[in-house]
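Each remark here refers to the structure printed beneath this line.
The values are calculated or read from the model by the stated rules, or taken from the named source; none is laboratory data. All values reported here derive from a predicted model rather than from experimental measurement. FYI the Cβ positions are ideal-geometry reconstructions off the backbone, even for glycines, and counts take in every protein chain you see. Areas reflect the complete protein model, heavy atoms only, side chains present, ligands, DNA and RNA absent. Shrake-Rupley method; radii C 1.70, N 1.55, O 1.52, S 1.80 Å.
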Amino acid sequence: MAHENPKASGAHPVILQRSSYPEYLRITEILRKETVGGILLLIAAAIAIIWANSPFSESYFAIRDLEFGYEPWHLKLSVGAWASDGLLAVFFFLTGLELKREFVAGDLRRISRAIVPVAAAFGGVVVPALVYTVVNLSSPDTLRGWAIPTATDIAFALAVLAVIGSHLPGALRIFLLTLAVVDDLIAIAIIAFFYSEDVHLTFLLWMILPLGLFALLAQRRPRFFGSTTRGPWLVLLPLGIVTWALMHASGVHATVAGVLLGFCVPVLRKSGGKPALPRPGKPGLAEVLEHRFRPLSTGF
């Protein structure tokens, strides 16, 4: 029997339909590439700069300031706040995983190699703060902003590094990665201790409960969460969201929750009941979760 022509029968061709699973795998694999993430971020930033400085800038700021969320949980935030406090926490979670992996199982597990980028990161924090302080000594109103030049925008630093990273030696790339990450973690710690106003200790103490449960499950059942697809999404992700929400409600910078959650995930795998370094084909849980959550961070 000849197939009926859809156009002849009056049927409308399907233009938008659910993508197939192979197509989904292809897209996620593309988004896992650091170069793709860096290019997407730089393009989006360029569009945002042009839009915010164009005659249509009012629409840009209207979208940025649009609020939504659940007020009783202190989660009625603007789109800009959801991006800087919410989505950026996912980015810091993956960054925490990658940095911990380098310190536990990578080249930086040797103190002789780790000390140089860490010392450079501290220098990158202290020197700009001192210069700012000296310049603003005569202005008490602006002196309080001494921490502003200490922060490296890690998202853009890593985006540029990802784009040009293929042309850099591996050792230099690890050095720059560690420098950017540690520098930003120090800046976040400064914000948490010196600039977080009205810190609510009750929420901060409650935050320890889901964080501790997240760490306990990840440490005790790494094989389960590494071998099942739904386990991390149904168990670890809700605990991570609760941890983030309580951290945000406490008044401390919410991205700190992403870093803490990333540090709670084990890097080493268990072999014969003993911890062993990850290797090709036998990754640790940190590497598995990074592989699964990378497309989410890159895409959004």
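Table for the structure above
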item: Filtered residues of the range 112-136 (kept if more than 22 Å from D153 (Cβ to Cβ) and modelled with pLDDT of 85 or more); result: I115, V116, V134
item: Test for P72: is it on the phi < 0 side of the Ramachandran plot and touching a helix residue (DSSP H, G or I) at 6+ places or on another chain (Cβ under 9 Å); result: no
item: Residues satisfying the stated conditions in the range 101-120, i.e. under 22 Å from P275 (Cα atoms) and without any contact (Cβ under 8 Å) to a residue 24 or more places away in the chain; result: F103, R109, R110, I111
item: Which listed residue is touching a residue at least 24 places away in the same chain (Cβ under 8 Å) and not hydrophobic (A, V, I, L, M, F, W, C), from G80, G124, G69; result: G124
item: Selected residue (criterion: surrounded by the most Cβ atoms within 10 Å (Cβ to Cβ)) from residues of the range 272-300 that are more than 19 Å from V181 (Cα to Cα) and basic (K, R); result: R292
item: Qualifying positions in the range 54-92 - within 17 Å of M247 (Cβ to Cβ) and of a type in the set (D, E); result: D85
item: Of all residues making up the range 33-53, the number that are in contact with a helix residue (DSSP H, G or I) (Cβ under 8 Å, 6 or more places away or on another chain) and open to solvent by less than 50 Å² (accessible area, probe 1.4 Å); result: 6
item: Test: residue in the range 80-101 that is under 26 Å from L260 (Cβ atoms), at pLDDT below 70 and not charged (D, E, K, R); result: no
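Condition check ((1) modelled with pLDDT of 85 or more; (2) under 25 Å from F293 (Cα atoms); (3) of a type in the set (D, E, K, R)) across all residues:
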| site | (1), (2), (3) |
| --- | --- |
| K7 | no, no, yes |
| H12 | no, no, no |
| L31 | no, yes, no |
| G37 | no, yes, no |
| F56 | yes, no, no |
| G106 | no, yes, no |
